[in-house]
Amino acid sequence: MWDVQRHKGQPTGFEKHELDEIAVTLAEGAVKIGKPDGTWSIEQRRFGSVRYLSKGTVQSEEGLSDSPSRAIVFQLKPTEPVRWPAEPGVPGQFPRVGAVKLFETDRVVVWDQTWRPGERITRHLHYAQTAAVFLEGGKLRTLDEGRPPNPPFVRKHGEVLYADPPTPLTVPHEEEHVEGSPRAIWLEFK
């Protein structure tokens, strides 16, 4: 994962992307994209937008806005993601309330998740490796099956989460909104 900023007047030079990438925009701005053949285009990177860039792409990037654009870039290494055994009768993390599927490749499903007051995310387990970046912060709480509610926890704008194996969440749980407007882009690895 990389925290990338594109500053005005500072081109990157041509780079060949050795891995597939998914970029989540945290601060919007205009970016000039240069191609090796001398052509170029201007893209307006919007807050919360997600883009996929294929391995082997060669390009340069330069910020054009006074404030730098910012994105968290996930590089997809050629590894086999860990999947944990499913527990009968307990669904996986996705699909779920408040999550919209943005797109899917042969390696990853990308979800846009918003937690809202009164919309509890029903009982589930996390069977797949995931990574997330929070677009908006707020307070959330998990409710582990058979236990008292956990204390609320804070998620912040730009915070990145990664479920590093072999640490699955082993207790079925629900999630609920406590405060703010939490929103995250999730990568669910296949």
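The values are calculated or read from the model by the stated rules, or taken from the named source; none is laboratory data. Fair warning: this is a prediction, and the values are worked out from it, not measured in the lab. So basically every Cβ, Gly included, is an ideal-geometry build from the backbone, and we count neighbours across all protein chains shown.
Within the option set Arg83, Arg155, Arg116, being among the charged types (D, E, K, R) and farther than 23 Å from Leu26 by Cα holds for one residue only, Arg83.
Restricting segment 62-94 to residues that are in a loop (DSSP other than H, G, I, E, B) and in contact with a Phe, Trp or Tyr (Cβ under 8 Å, 6 or more places away or on another chain), the residue that is surrounded by the most Cβ atoms within 10 Å (Cβ to Cβ) is Gln93. In segment 100-121, the residue that is modelled with the lowest pLDDT out of those that are in a strand (DSSP E or B) and touching an Asp or Glu at 6+ places or on another chain (Cβ under 6 Å) is Ile121.
Of the residues in segment 131-148, not one is within 22 Å of Gly48 (Cα to Cα), surrounded by fewer than 19 Cβ atoms within 10 Å (Cβ to Cβ) and polar (S, T, N, Q).
Here segment 5-30 is the region considered, the condition is being at pLDDT 95 or above and among the β-branched types (Val, Ile, Thr), and the residue that is nearest to Ala184 (Cα to Cα) is Val24. In the condition set (1) under 17 Å from Arg183 (Cα atoms); (2) free of Cβ contacts under 8 Å to residues at least 40 places away in the same chain; (3) touching a His at 6+ places or on another chain (Cβ under 9 Å), Glu119 is compliant with all but (2). Selection over segment 27-43 of residues that are of a type in the set (Gly, Ala, Ser) and either touching a residue at least 24 places away in the same chain (Cβ under 8 Å) or in contact with an Asp or Glu (Cβ under 7 Å, 6 or more places away or on another chain) (or both) gives a count of 4.
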